[in-house]
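The values are calculated or read from the model by the stated rules, or taken from the named source; none is laboratory data. Fair warning: this is a prediction, and the values are worked out from it, not measured in the lab. When we count neighbours, we look across all protein chains shown, and the Cβ atoms used for this are built from the backbone with ideal geometry, even at glycine.
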Ligand code: UD1
Ligand code: UDP
């Protein structure tokens, strides 16, 4: 049984579901979604054509961590009892993954942790994700780590080597799948451009070599003042560089939209060179990422994908549990300080040499074959 509930988990688990489904004579694949996200989860299920067997549908507007944890725990109980799977696979560091792993543990069902072993070593950064990932790791029997560094982190915490497999990150499988689809499907790029235009951003603007900064933000630890600093920095940049486009697909969390309205006003249309658009479904988002010049984000998944596309990433966080691309020089931590964000984006816009150095395509997180490896391990083990 695979359990997931948020947009990034769905993106990173979708091809794993497909990989299991290739072997119906050996494996019965059950998909249970918690619905921690609703619209943003459904966008991913649609793209990958996944029909969940169970949908706990637990999302509430402005849910807090207590609501989330308890609703997942109690609503998954009967599903686990009914299905009694041989293994429950969860992903990463969300509350869906930790609560589902705990629920499986209560019924003594072994847990497989996909994207195991990432550590920032600061339990408040990212919050609550660092602790979620630690707890899920303690509960798990099978640990699928994307990189060698993740494996080392787990070994240091006393997880036996025999329970860890370095597989690469399944997000690279998903990324390659999308890139390949866009390349192969005739007319798809035009359709995606059309969709984006309809959403409020015309990629045709980039034809005259206009630069574009792609922005996302949603971390809980940045809510409030830090988000205001981020928005003010973005506003300054839009005024400083009228010849550059800034595109911000907004996360649906109301805590993300509030500071944006506070800094940019109530009406987010017709603001010149900044475009606030709805969260994009995965195909359009990858298309947009491919077209971007710089990515400014606090997202985990985007830190893994953008380096593969050769896009410099400025991360609006103080720490990261994904240091591999940082070491490769493609990702830089800029925190949430107004001056730092303005300066670092300006350098990348103005200095071709620095830009060149940060835009080599590297893929420290995977080779696109992680899902196959995970399925093989479980077939051998179970
Ligand atoms: C969650 C995860 C975070 C992950 C992020 C990915 C936890 C604690 N947080 O954070 O680790 O990085 O997802 O995006 O597990 N909302 C909607 N529709 C949606 C999605 C969200 O309306 O499709 C709104 C709802 O008001 C919801 C709120 O966003 O209550 C927050 O969602 P939640 O999953 O609690 O937190 P995220 O910030 O999305
Ligand atoms: N993403 C998307 N549409 C968007 C923004 C992001 O499909 O409008 C994808 C992105 O490519 C990545 C994932 O969503 O695969 C990241 O999700 P998010 O930033 O919400 O969560 P995190 O990775 O930080 O947990």
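Consider residue 192 carefully, then state whether it is in contact with a helix residue (DSSP H, G or I) (Cβ under 6 Å, 6 or more places away or on another chain) and either farther than 18 Å from residue 279 by Cβ or modelled with pLDDT under 95 (or both). Spell out the reasoning first.
Working: in contact with a helix residue (DSSP H, G or I) (Cβ under 6 Å, 6 or more places away or on another chain): yes; either farther than 18 Å from residue 279 by Cβ or modelled with pLDDT under 95 (or both): no.
So residue 192 does not fit the description; no.
Can you work out which of the residues in the stretch 139-151 that are touching a strand residue (DSSP E or B) at 6+ places or on another chain (Cβ under 9 Å) and in a helix (DSSP H, G or I) is surrounded by the fewest Cβ atoms within 10 Å (Cβ to Cβ)?
So in the stretch 139-151, the residues touching a strand residue (DSSP E or B) at 6+ places or on another chain (Cβ under 9 Å) come out as 139-148, 150-151.
Now narrow it down to the ones that are in a helix (DSSP H, G or I): 139, 148, 150-151.
Details: 139: 21, 148: 12, 150: 25, 151: 19.
Once the filter is applied, the top-ranked residue is 148.
Return the total of residues in the stretch 19-39 being surrounded by fewer than 19 Cβ atoms within 10 Å (Cβ to Cβ) and within 16 Å of ligand 2 (Cβ to nearest atom).
Selection size over the stretch 19-39: 2.
Going by what's in this entry, would residue 135 be described as surrounded by fewer than 23 Cβ atoms within 10 Å (Cβ to Cβ), in contact (Cβ under 8 Å) with a residue 40 or more places away in the chain and either under 23 Å from residue 316 (Cα atoms) or more than 17 Å from the chain's Cα centre (by Cα) (or both)?
Numbers: surrounded by fewer than 23 Cβ atoms within 10 Å (Cβ to Cβ): yes; in contact (Cβ under 8 Å) with a residue 40 or more places away in the chain: no; either under 23 Å from residue 316 (Cα atoms) or more than 17 Å from the chain's Cα centre (by Cα) (or both): yes.
No, not satisfied.
Restricting attention to the stretch 47-69, report how many residues are more than 28 Å from residue 131 (Cα to Cα), loosely packed, with under 10 Cβ neighbours inside 10 Å and within 15 Å of ligand 1 (Cβ to nearest atom).
So the count comes out to 0.
Of everything in the stretch 9-18, what is crowded, with 24+ Cβ neighbours inside 10 Å and touching a helix residue (DSSP H, G or I) at 6+ places or on another chain (Cβ under 6 Å)? Give them in sequence order. Even if it seems obvious, please write down each step before you answer.
Keep residues of the stretch 9-18 that are crowded, with 24+ Cβ neighbours inside 10 Å, which gives 9-14, 16.
If the condition is that a residue be crowded, with 24+ Cβ neighbours inside 10 Å and touching a helix residue (DSSP H, G or I) at 6+ places or on another chain (Cβ under 6 Å), then 10, 11, 12, 14, 16 are the ones that fit.
Restricting to the stretch 313-329, give me the number of residues that are buried (at least 22 other Cβ atoms within 10 Å of the Cβ) and either away from ligand 2 (no atom under 16 Å from the Cβ) or not in a loop (DSSP other than H, G, I, E, B) (or both).
5
Would you confirm whether or not the stretch 169-189 contains a residue that is surrounded by 18 or more Cβ atoms within 10 Å (Cβ to Cβ), over 21 Å from the mean Cα position of the chain (by Cα) and either within 22 Å of residue 249 (Cβ to Cβ) or modelled with pLDDT of 95 or more (or both)?
Within the stretch 169-189, none of the residues are surrounded by 18 or more Cβ atoms within 10 Å (Cβ to Cβ), over 21 Å from the mean Cα position of the chain (by Cα) and either within 22 Å of residue 249 (Cβ to Cβ) or modelled with pLDDT of 95 or more (or both).
How many residues, within the stretch 86-98, are more than 16 Å from ligand 2 (Cβ to nearest atom) and touching a helix residue (DSSP H, G or I) at 6+ places or on another chain (Cβ under 8 Å)?
Residues of the stretch 86-98 that are more than 16 Å from ligand 2 (Cβ to nearest atom), as a first pass: 86-89.
Among the residues that remain, those that are also touching a helix residue (DSSP H, G or I) at 6+ places or on another chain (Cβ under 8 Å) are: 87-89.
Residues in the stretch 86-98 being more than 16 Å from ligand 2 (Cβ to nearest atom) and touching a helix residue (DSSP H, G or I) at 6+ places or on another chain (Cβ under 8 Å): 3 in total.
On the given criteria, is residue 159 more than 16 Å from ligand 2 (Cβ to nearest atom) and touching a strand residue (DSSP E or B) at 6+ places or on another chain (Cβ under 8 Å)? Please lay out each step first, then the result.
Numbers: more than 16 Å from ligand 2 (Cβ to nearest atom): yes; touching a strand residue (DSSP E or B) at 6+ places or on another chain (Cβ under 8 Å): yes.
It is true that residue 159 is more than 16 Å from ligand 2 (Cβ to nearest atom) and touching a strand residue (DSSP E or B) at 6+ places or on another chain (Cβ under 8 Å).
Which ones in the stretch 330-372 are in a helix (DSSP H, G or I), in contact with a strand residue (DSSP E or B) (Cβ under 7 Å, 6 or more places away or on another chain) and either free of Cβ contacts under 8 Å to residues at least 40 places away in the same chain or farther than 13 Å from residue 294 by Cβ (or both)?
Result: 344, single match.
From the list 296, 283, 288, pick out the single residue that is in contact with a helix residue (DSSP H, G or I) (Cβ under 9 Å, 6 or more places away or on another chain), farther than 25 Å from residue 185 by Cα and either assigned to a loop (DSSP other than H, G, I, E, B) or away from ligand 1 (no atom under 16 Å from the Cβ) (or both).
Details: 283 fails: farther than 25 Å from residue 185 by Cα; 288 fails: farther than 25 Å from residue 185 by Cα.
That would be 296, the only listed residue that is in contact with a helix residue (DSSP H, G or I) (Cβ under 9 Å, 6 or more places away or on another chain), farther than 25 Å from residue 185 by Cα and either assigned to a loop (DSSP other than H, G, I, E, B) or away from ligand 1 (no atom under 16 Å from the Cβ) (or both).
Which members of the stretch 104-133 meet the condition of being more than 21 Å from residue 75 (Cα to Cα) and out of contact with any helix residue (DSSP H, G or I) (no Cβ under 9 Å at 6 or more places or on another chain)?
130
Between a residue in the stretch 287-308 that is within 18 Å of residue 238 (Cα to Cα) and any residue that is in a helix (DSSP H, G or I) and within 11 Å of ligand 2 (Cβ to nearest atom), which pairs come within a Cβ distance under 6 Å, given they are 6 or more apart or on different chains?
That search, which allows pairs on different chains as well, returns 295/306.
Can you tell me which residues in the stretch 228-254 are assigned to a helix (DSSP H, G or I), touching a residue at least 60 places away in the same chain (Cβ under 8 Å) and in contact with a helix residue (DSSP H, G or I) (Cβ under 8 Å, 6 or more places away or on another chain)?
Within the stretch 228-254, the first condition is being assigned to a helix (DSSP H, G or I), and the residues that meet it are 228-240, 254.
This time we only want the ones that are touching a residue at least 60 places away in the same chain (Cβ under 8 Å), so: 229-230, 232-234, 236-237, 240, 254.
Matches in the stretch 228-254: 229, 230, 232, 233, 234, 236, 237, 240.
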